[in-house]
Amino acid sequence: MVTSVFLFQNCATIISGTSQKIPVTSNPSGAKIIVDGIEVGNAPLNLKKLNGLGLNVLILGEKKLLI
């Protein structure tokens, strides 16, 4: 099982507007995506990050990941 956790908080500058699209992919595709504790779908998908707010993203797949 692949488990990845990302915290997107002020890690990228939003050039214009109030939000930013964050693409989430997995290889193979189909990994479960959980944002702030809520399942939002399967990869690939685009997340929407609002300016000034962070996202806690969990990516669950079927392969083991050794870090």
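Just so you know, all these numbers are worked out from the coordinates, no wet-lab data involved. Nothing here was measured: the structure is a model prediction, and the numbers come from that model. Glycine gets a Cβ as well: all are built from the backbone with ideal geometry, and neighbour counts include every protein chain shown.
Between Lys32 and Leu50, what is the label-point separation in nm under the 7 Å Cα-to-beta-carbon projection?
Label at Leu50, label at Lys32, 2.6 nm between them.
Around Ile22, with a cut-off of 10 angstrom between Cβ atoms, what is the net charge of the other residues, counting Lys and Arg +1 and Asp and Glu -1?
+3
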